[in-house]
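The values are calculated or read from the model by the stated rules, or taken from the named source; none is laboratory data. Here the structure is a predicted model, which means the values were calculated and not measured. Here the Cβ is made from the backbone with ideal geometry for all residues, glycine too, and neighbour counts use every protein chain on show.
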Amino acid sequence: MPVHKVLVVDDSKTELMVLTTLLEKNGMSVKTAENADEAMRRLAQEKPDLILMDVVMPGKNGFQVTRTITRDPQYADVPIIMCTSKTQETDRVWGMRQGARDYITKPVDAGELMAKIKALN
């Protein structure tokens, strides 16, 4: 299934802007959320084709939100790519164990992210 609608979850306005610009240039429509609660509200409003999830955020972190989303039958089919500054292999493994389909570290390489998104199809 081609990715058209993306939800980007990150507490950094700069990261949101960079990722939104990149995704929109590649023909996708983007919604953003700056924390877990906002992410869950956006998810309920309109189910995206993909979620890009930061890990380090105030309140619930991205690992917790990913686990919540992937264990909910209503949203379990929405792929999540962790998009984070946490570069340790243990973080990547933990993210995948929470249900993420892929993991990319910041600063995000545009080509690598687009390849990971295309690989979901």
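Checking each residue in region 80-117 for being within 25 Å of Met28 (Cα to Cα), exposed (fewer than 15 other Cβ atoms within 10 Å of the Cβ) and charged (D, E, K, R) picks out Asp109, Glu112.
Only one residue in Asp77, Asp54 is surrounded by fewer than 12 Cβ atoms within 10 Å (Cβ to Cβ), under 17 Å from Arg97 (Cα atoms) and at pLDDT 95 or above, so which one is that? Within the list Asp77, Asp54, the selection yields Asp77. Looking across region 77-94, the residues that are within 15 Å of Leu50 (Cβ to Cβ) and under 12 Å from the mean Cα position of the chain (by Cα) come down to Val78, Pro79, Ile80, Ile81, Met82, Cys83.
Here is the figure for region 66-76: residues that are under 13 Å from the mean Cα position of the chain (by Cα), among the β-branched types (Val, Ile, Thr) and farther than 17 Å from Ile104 by Cα total 2. Applying the criterion of being charged (D, E, K, R) and touching a helix residue (DSSP H, G or I) at 6+ places or on another chain (Cβ under 9 Å) to the residues of region 26-54, the residue that is farthest from Lys106 (Cα to Cα) is Asp49. Say whether the condition of being aliphatic (A, V, I, L, M), farther than 17 Å from Lys116 by Cβ and either crowded, with 17+ Cβ neighbours inside 10 Å or modelled with pLDDT under 95 (or both) is met by at least one residue in region 2-13. No, region 2-13 contains no residue that is aliphatic (A, V, I, L, M), farther than 17 Å from Lys116 by Cβ and either crowded, with 17+ Cβ neighbours inside 10 Å or modelled with pLDDT under 95 (or both).
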